[in-house]
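*Asks:* I'd like to ask you about the structure that follows.
Quick note: the coordinates plus some simple rules give every number you see, no bench work behind them. Treat the numbers as computed from the prediction; the structure is a model and nothing was measured. Ideal geometry is used to build each Cβ from the backbone, glycine not excepted, and the neighbour counts take in all protein chains shown.
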Amino acid sequence: MHYRWQGADLWLELQGKPGARRDGFGRVQGGRLQVQIAAAPEDGKATARLLAFLAEAFDVPRAAVVLRYGQTSPKKGVIVQGPRRLPPEAAVAAPPAVSAAPEVRPRRT
């Protein structure tokens, strides 16, 4: 699976595709979501554009998108902290509902 939830944070496994005509989500392949990026893969430009694109897509500030690994590799691990939107193209389901604590009844004495 290309994503998992850790509390309110979304952890993504991505395959960057720099040099595309425009930014956008692709298909899931090999456990990674492909993301096309309209930036050249030089001097970190594609990675910077990828993180900005994800911030826009998930409606969070740029600082809420954290690169875990893959600064110079097309294979990247990214955390989106508290996404406010889940774009359907990203193929991400909503986080599991947090169940309420079970009711605690006092003991009879």
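*Asks:* Using a 7 Å offset from the Cα along the Cα-to-Cβ direction at both R4 and A40, what is the distance between the two label points in nm, to one decimal?
*Replies:* With each label placed 7 Å out from Cα toward Cβ, I get 3.8 nm.
*Asks:* Placing unit charges on C-beta atoms (Lys and Arg positive, Asp and Glu negative, everything else neutral), compute the dipole magnitude of the chain about its Cα centre in debye, rounded to 20. Working shown, then result.
*Replies:* Details: 17 positive and 9 negative charges, 65 e Å.
The dipole magnitude comes to about 320 debye.
*Asks:* Take every DSSP beta bridge with both residues inside the chain and express the antiparallel ones as a percent of the total, to the nearest 5.
*Replies:* 80 percent
*Asks:* Give the Rg (one decimal place) followed by the Dmax (whole number) of the chain, computed from C-alpha coordinates and expressed in Å.
*Replies:* Gyration radius and largest Cα-Cα distance of the chain: 17.5, 73 Å.
*Asks:* Then there is this: In debye, nearest 20: dipole of segment 1-62 around its Cα centre with unit charges on the Cβ of K, R (+) and D, E (-)?
*Replies:* On the way: 9 positive and 7 negative charges, 47 e Å.
Dipole size: approximately 220 debye.
*Asks:* On to the next question. Just name one of A20, A57, A39: the one whose Cα is farthest towards the positive end of the charge dipole of segment 3-85 (beta-carbon charges, Lys/Arg +1, Asp/Glu -1).
*Replies:* Checking the options against the dipole of segment 3-85, the answer is A20.
*Asks:* Only helical DSSP H runs with n ≥ 4 go in: add -39500 (n - 2.57) per run for the chain, normalise by residue count and round the 222 nm mean residue ellipticity to 500 deg cm²/dmol.
*Replies:* -4000 deg cm²/dmol
*Asks:* Want the number for K17 to A91: 0.36 nm per residue separation, take away the alpha-carbon distance, what's left? Intermediate results must be reported in sequence, preceding the final value.
*Replies:* Details: separation 74, 0.36 × 74 = 26.64 nm, distance 1.73 nm.
Additional length available on full extension: 24.9 nm.
*Asks:* List the residues of segment 66-89 whose backbone N lies under 17 Å from a point placed 7 Å from the Cα of D59 along the Cα-to-Cβ direction.
*Replies:* Only 80-89 pass the distance filter.
*Asks:* Here's something else I'd like to know. Using θ = phi - 60° and the Karplus relation 6.51 cos²θ - 1.76 cosθ + 1.60, list the HN-Hα couplings for segment 43-48 in order, rounded to whole Hz, with x at every Gly or Pro.
*Replies:* 6, x, 5, 5, 5, 4
*Asks:* Let me ask something else about it. Which loop trypsin sites (Lys or Arg not before Pro) in segment 1-38, with loop taken from DSSP, have no more than 10 other Cβ atoms within 10 angstrom of their Cβ?
*Replies:* R21, R22
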